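Working notes for the structure below.
The values are calculated or read from the model by the stated rules, or taken from the named source; none is laboratory data. These numbers come from a predicted model, not from an experiment. Neighbour counts are summed over all protein chains in view; Cβ atoms, including those assigned to glycine, are modelled from backbone coordinates with ideal geometry. All accessible areas refer to the heavy atoms of the entire protein, side chains included, with ligands and DNA or RNA removed. Shrake-Rupley method; radii C 1.70, N 1.55, O 1.52, S 1.80 Å.
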Amino acid sequence: MLTCDEILGWLREDNPDRLASLWRAADEVRRLNVGDEVHLRGLLEISNHCRRDCAYCGIRAGRPSLARYRMTAEEILACAGAAAEFGYGTVVLQAGEDAGLTGSIIADIVAEIKFRYPLAVTLSLGERSDEELLAWRQAGADRYLLRFETSNRDLFARIHPALPGRSRDRFEMLQRLRQMGYEIGSGVMCGIPGQSYEDLAEDVLLFARLDLDMIGIGPYIPHEGTPLGAGPDDPRLPPERQAPNTELMTYKLVALARLACPQANIPSTTALATLNLASGRELGLQRGANILMPNITLTQYRRLYEIYPSKACIMETAAQCHSCMRRRIQSIGRQPGRGPGGRRCRGVATSTIELEEQR
Ligand code: SAH
């Protein structure tokens, strides 16, 4: 198991030869534990309404200028049907924390998707009540994604204000989700103003302690319509302490997450592709990741799910994203996954790589 100091050493490493050994180690651990298949999760952004005011996020409540949309049940089912036709194993329903997507509306949609299509259903709908989460699980939802965003609690509280009178601890919620029988996914943004190298090292250790089934990591991308992106009271640390929101730092985290959690499903994310459209997805897959999440949202809604600016693939159709992803997978000699691609049996990781020998 990696120690905190070893993780920090890698986060501060800039020697290309040594980094190449980190990429090789992560790629080998990925191959041994989750194989060469790249599982495809169709990502459906079902609503950009949000009751929260996260300082980093472009669909926060406090952006009255943003046009809001909520897909109808029929639209969602049609997109899920397209995902099944493309051969994806999973559909991911993601949204802002939208009270208009009530417990029963989502439960009905989940049940209908499970009835019609051989798809695993992942939900990513923010901090919802235990009753709702349980109802969705009972309706057939398989997995839940809820990033803890940063393990630094003070920073999290600053950028993710609680709803008045209500506070929901994301770590506690992840445990509850697991008890309910969900596979659980979490993750972080990399390079949030105020996030230190030490915070990122703690994030990686926490991925392992939580024994996450899925880990999503993307660079923080400033959105000028948000308080954090506009930067009036930017909590940035001095440069020697502030974690950079770069492509390279994101790859390091992906690779370290793979070493810390050999069996987890780890996507090469859209935020990474946004920093490097030409090859970000492929490099993520070659440095520890084993999942791609092609966007299947109807094109007319994509530009409105603007969690950060210049998001990759907002002009494309689902069919275009599908063929683009397949081409990228083939170009690096891997194969699209078949079946739902859930977490393999827990607790039998193969981690034969001794990193210390390679540094
Ligand atoms: N409402 C849901 C889904 C949020 S969108 C929830 O809160 O869980 C999914 C992820 O996008 C977030 O968890 C966050 O990590 C990421 N994200 C949001 N704003 C971002 C930004 N400005 N830059 C990079 N990633 C961002």
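Taken as a whole, segment 44-65 holds no residue that is more than 24 Å from Ala162 (Cβ to Cβ) and in contact with a Gly (Cβ under 7 Å, 6 or more places away or on another chain).
Take Ile192 and decide whether it is in contact with a Leu (Cβ under 7 Å, 6 or more places away or on another chain) and among the β-branched types (Val, Ile, Thr). When the stated conditions are applied, Ile192 passes them. When Leu101, Leu93, Leu125, Leu119 are screened for being open to solvent by less than 10 Å² (accessible area, probe 1.4 Å), closer than 22 Å to Glu37 by Cβ and under 23 Å from the mean Cα position of the chain (by Cα), only Leu119 passes. Looking at Thr250 and the list (1) within 27 Å of Ile184 (Cβ to Cβ); (2) within 13 Å of the ligand (Cβ to nearest atom); (3) surrounded by fewer than 23 Cβ atoms within 10 Å (Cβ to Cβ), which single condition is not satisfied? Result: Thr250 fails condition (3) only.
Where strands (runs of 3 or more DSSP E) sit wholly within segment 84-171, those with at least 1 residues that are away from the ligand (no atom under 14 Å from the Cβ) and closer than 23 Å to Gly218 by Cα occupy 90-95, 120-124. Taking (1) within 13 Å of the ligand (Cβ to nearest atom); (2) in contact (Cβ under 8 Å) with a residue 40 or more places away in the chain in turn, Glu183 satisfies each apart from (1). Within this structure, Pro161 fails the test of being open to solvent by 20 Å² or more (accessible area, probe 1.4 Å), of a type outside the set (A, V, I, L, M) and closer than 20 Å to Asn265 by Cα. Number of residues in segment 79-90 that are open to solvent by less than 20 Å² (accessible area, probe 1.4 Å) and of a type in the set (Phe, Trp, Tyr) equals 1. Of all positions in segment 200-210, none carries a residue that is surrounded by fewer than 24 Cβ atoms within 10 Å (Cβ to Cβ) and part of a strand (DSSP E or B). The C-beta contact set for segment 220-238 (first residue within 18 Å of Cys190 (Cα to Cα) and touching a residue at least 60 places away in the same chain (Cβ under 8 Å), second residue in a loop (DSSP other than H, G, I, E, B) and of a type in the set (Val, Ile, Thr), distance under 8 angstrom, 6+ apart or interchain) comprises Tyr220/Ile192; His223/Ile307; Leu228/Ile192.
Restricting segment 297-330 to residues that are within 25 Å of Cys54 (Cα to Cα) and in contact with a Cys (Cβ under 6 Å, 6 or more places away or on another chain) leaves a set whose member that is surrounded by the most Cβ atoms within 10 Å (Cβ to Cβ) is Ile307.
Scanning segment 253-271 for residues that are within 16 Å of the ligand (Cβ to nearest atom) and either small (Gly, Ala, Ser) or touching a Cys at 6+ places or on another chain (Cβ under 9 Å) (or both) yields Leu253, Ala257, Ser268, Thr270, Ala271.
The set of residues in segment 238-247 being acidic (Asp, Glu) and either surrounded by 14 or more Cβ atoms within 10 Å (Cβ to Cβ) or within 9 Å of Gln195 (Cα to Cα) (or both) consists of Glu247 alone. The condition of being over 19 Å from Arg24 (Cβ atoms) and in a helix (DSSP H, G or I) holds for only one of Ala271, Ala255, Ala278, that being Ala271. Apart from one condition, Gly58 fits all of (1) within 15 Å of the ligand (Cβ to nearest atom); (2) part of a strand (DSSP E or B); the exception is (2).
Within segment 138-154, the residues that satisfy the criterion of being over 23 Å from Ile266 (Cβ atoms) and surrounded by 14 or more Cβ atoms within 10 Å (Cβ to Cβ) are Ala139, Gly140.
So that you can scan it fast, the table gives a plain yes or no per residue for (1) of a type in the set (Ser, Thr, Tyr); (2) more than 16 Å from the ligand (Cβ to nearest atom); (3) touching a His at 6+ places or on another chain (Cβ under 6 Å); (4) open to solvent by 10 Å² or more (accessible area, probe 1.4 Å):
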| site | (1), (2), (3), (4) |
| --- | --- |
| Glu13 | no, yes, no, yes |
| Ala26 | no, yes, no, no |
| Arg30 | no, yes, no, no |
| Gly42 | no, no, no, no |
| Ser47 | yes, no, no, no |
| Cys54 | no, no, yes, yes |
| Pro64 | no, yes, no, yes |
| Thr72 | yes, yes, no, yes |
| Leu77 | no, yes, no, yes |
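Considering segment 223-237, the residues that are in a helix (DSSP H, G or I) and more than 10 Å from the ligand (Cβ to nearest atom) include one that is surrounded by the fewest Cβ atoms within 10 Å (Cβ to Cβ), namely Ala230.
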